[in-house]
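Peer 1: Take this structure, written in structure tokens, and hold onto it; I'll ask about it next.
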Amino acid sequence: MASFKLFLKRNSGFAFIVPWLAGFLVFRMYPFISSLFYSFTDFNLFSGITKFGLMNYEEIFSDTRIMRAFKVTFQYAFMTVPLKLVFSLFIAYILNYKIKGVNIFRTAYYVPSILGGSVAIAVLWSALFRNEGLINSFLGIFGVKGPSWLSSPNLALLVISLLRVWQFGSVMVLFLAALKNVPVDLYEAATIDGATKARQFRAITLPLITPVVFYNLVTQLVQAFQEFNGPFIITRGGPRNATTLISLLIYNRAFKSYDMGMASAMAWILFVVVMTMSLIAFVSQSKWVYYGDEK
Amino acid sequence: MNYRTAKNIATFLKYFILIAVGFVMVYPLIWMAGATLKSNAEIFANISPFTAKPTFDGFIAAMNDYGGKINIWSSMLNTYKYVLPKVAFTVASCTLTAYGFGRFDFIGKKALFAVLMSTLFLPQVVMNVPQFILYNNFRWIDSPAYLPLIVPALFASDTYFVFMLIQFLRTIPRELDEAAKIDGCTSLQILTKIIAPVLKPAIVSCALFQFMWTSNDFMGPLLYVNTPERYPATIFVRLSMDADVGFAWNRILAVSLISILPSLIVFFMAQRQFIDGIAAGSIKG
């Protein structure tokens, strides 16, 4: 009895995480597992589960529209994430010099990140990129006739992607914080040895900030594969399904047709894709991410 | 070219790039604000945000309602009906969880912490369908109290904040807890009397981020709010866009601008906390 009391006392901190654990089990774990089960069923929200089997997965892999949506999702992610990371690192690198008014720049760059996800900004984006929109008026000043951004399949995906790149502020702030942590004496020593700025960047800066590169890469990938608002509001998946990301198909199947089984199967394939991406990043860490002497 | 000129050119280039990028970042927003005061004929006539003949037509039209059921003000009121409780619940539950993980040892802590971290990478897109089914079983869909949007926050469902708070908690010396313990404080008292006050800047950061994210959230209300009277601002903006695209851009932009004004004001009042917050907690974005 005494030892049981001691056991309780030693583990009393557990009480503080009970709410989280309960919420995790009910709102995350249970839905997560159940959706794997649903993905093997023919499940309409109103008529319930009628069949059990692999039919959803068979349909997905034979339906060219769905496969195309996966392809577009990959294109979107592999376009957006590198653009966003390279651009934010570039700007952070410049801001890391002794820049007058660094706070003003930082704030200006950060505003789009804070508002970017909102519907209001998606509305603004449509106004910018429509045929007679701000972008084409601007190009017109230089005598360039702007393309019809939103009705060209290739350009429409780029427009959606740029909306995310425009929100580079928070990624940039993280890079900037990492750059500030690189010891100045390393650069001084390299300068004395005659290393150029480009060489210093490659040999000193980049290796030392790889943990943040890694963090940004994984979080941005996870986010990019889930993109929904941009294509849903601005292009509605068009033109000719060029911006129909998989998240849009999942939404349509689940909340327009209430075909929960099919939607779950698509969501699970997306999950496996995202997990594989993250896993590749994690496993490859030892090859390129430098964690200092602690590891 | 001598060293000095080269250096001057480099400095010039740096500022040139920074200002050009800053322009691209902010100009669309300034243009948007200006466009709300233009007539529809003038909005896309030039790229200037200013107009010689300002008109309030856009703002006046922005007050229109839909079927007498919802207008911009009532939709914004709806937004804050779930944003404010969600922020309060998130702060309380995440602080509690962070305290548990950051300050105590218990059986299975390592494994549970790994679970906590893994939820950071769990894509919400995968969760939407089964969570909808779950809330549907609870009869929570379209609930007047916005239950699906609020209740999970009671259980520290946004683990980013737990993670962020744990990071901060690690910087607070344990001696503070020890001293309070000797003085006879219970562990809950240590949290409320000692830890929470020191942790306040981080807690404020969490509250601000949650405020922004929840105010901007579109997917949540899209799935869980179906009655026009209960639509929040994000859904209202999208509704007015669908209704008016092609002819009333000043109205749509005015509606959009009004809907993000509270977020803009909060951001400019607390920009320090936002920028320090992401850097400190390595938060998503």
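The values are calculated or read from the model by the stated rules, or taken from the named source; none is laboratory data. What you see is a predicted model; the values in this text were computed from it and never measured. A quick note on method: Cβ atoms are made from the backbone with ideal geometry, for glycine too, and the neighbour counts reach across all protein chains shown.
Peer 1: Looking at (1) at the interface with chain B (Cβ under 10 Å from one of its Cβ atoms); (2) assigned to a loop (DSSP other than H, G, I, E, B), which is the one condition that is false for A:Y215?
Peer 2: Here A:Y215 meets the rest and fails (2).
Peer 1: Something else: Inspect all residues belonging to segment B:17-34 and state whether any of them is touching a residue at least 40 places away in the same chain (Cβ under 8 Å) and within 12 Å of chain A (Cβ to nearest Cβ).
Peer 2: The answer is yes, given that some residue of segment B:17-34 is touching a residue at least 40 places away in the same chain (Cβ under 8 Å) and within 12 Å of chain A (Cβ to nearest Cβ).
Peer 1: Scan the helices (runs of 4 or more DSSP H) fully inside segment A:100-205 and keep the ones with 2 or more residues being more than 13 Å from chain B (Cβ to nearest Cβ).
Peer 2: The helices (runs of 4 or more DSSP H) meeting that bar are A:153-166, A:184-192, A:197-200.
Peer 1: Does B:P148 satisfy the condition of being under 24 Å from B:A92 (Cα atoms), assigned to a loop (DSSP other than H, G, I, E, B), assigned by TED's automatic domain parsing to the domain that holds B:I258 and in contact (Cβ under 8 Å) with a residue 60 or more places away in the chain?
Peer 2: Taking the combined requirement at face value, the residue does not satisfy it.
Peer 1: Against the definition (buried (at least 23 other Cβ atoms within 10 Å of the Cβ) and among the polar types (S, T, N, Q)), how does A:S264 come out, yes or no?
Peer 2: yes
Peer 1: Considering only segment B:167-240, give the helices (runs of 4 or more DSSP H) lying wholly within it that have at least 2 residues that are surrounded by fewer than 18 Cβ atoms within 10 Å (Cβ to Cβ) and polar (S, T, N, Q).
Peer 2: In segment B:167-240, there are no helices (runs of 4 or more DSSP H) which contain 2 or more residues that are surrounded by fewer than 18 Cβ atoms within 10 Å (Cβ to Cβ) and polar (S, T, N, Q).
Peer 1: Does A:A108 satisfy the condition of being buried (at least 16 other Cβ atoms within 10 Å of the Cβ), in contact with a helix residue (DSSP H, G or I) (Cβ under 9 Å, 6 or more places away or on another chain) and in contact (Cβ under 8 Å) with a residue 24 or more places away in the chain?
Peer 2: no
Peer 1: Which helices (runs of 4 or more DSSP H) sit wholly inside segment A:1-82 and have at least 3 residues that are over 30 Å from A:A224 (Cβ atoms) and at the interface with chain B (Cβ under 7 Å from one of its Cβ atoms)?
Peer 2: A:14-23
Peer 1: Quick one: in segment A:80-103, which of the residues that are hydroxyl-bearing (S, T, Y) and farther than 26 Å from A:L157 by Cα is modelled with the lowest pLDDT?
Peer 2: Looking at residues that are hydroxyl-bearing (S, T, Y) and farther than 26 Å from A:L157 by Cα, I get A:Y97.
Peer 1: Under the condition of being acidic (D, E) and farther than 19 Å from A:I121 by Cα, which residue from segment B:168-223 is nearest to the other protein chains (Cβ to nearest Cβ)?
Peer 2: Ranking the candidates gives B:D177 first.
Peer 1: Can you name the number of the only condition in (1) closer than 30 Å to B:K38 by Cα; (2) out of contact with any helix residue (DSSP H, G or I) (no Cβ under 6 Å at 6 or more places or on another chain); (3) in a helix (DSSP H, G or I) that B:S75 fails?
Peer 2: The number of the failed condition is (2).
Peer 1: Here are A:S161, A:S126: which of them is of a type in the set (S, T, N, Q) and under 17 Å from the mean Cα position of the chain (by Cα)?
Peer 2: So the residue among A:S161, A:S126 that is of a type in the set (S, T, N, Q) and under 17 Å from the mean Cα position of the chain (by Cα) is A:S161.
Peer 1: Another one. List the residue pairs whose Cβ atoms are under 6 Å apart, where the first residue sits in segment B:115-130 and is more than 7 Å from chain A (Cβ to nearest Cβ), the second is assigned to a helix (DSSP H, G or I), and the two are 6 or more positions apart or on different chains.
Peer 2: From segment B:115-130, the pairs are B:L116/B:T159; B:L120/B:T159.
Peer 1: All but one of (1) farther than 30 Å from B:F209 by Cβ; (2) surrounded by fewer than 13 Cβ atoms within 10 Å (Cβ to Cβ) hold for B:Y66; state the number of the condition that does not hold.
Peer 2: If we test B:Y66 against (1) farther than 30 Å from B:F209 by Cβ; (2) surrounded by fewer than 13 Cβ atoms within 10 Å (Cβ to Cβ), just (2) comes out false.
Peer 1: Among the listed residues A:I121, A:I66, which satisfies the condition of being of a type in the set (A, V, I, L, M), closer than 24 Å to B:D242 by Cβ and in contact (Cβ under 8 Å) with a residue 12 or more places away in the chain?
Peer 2: A:I121
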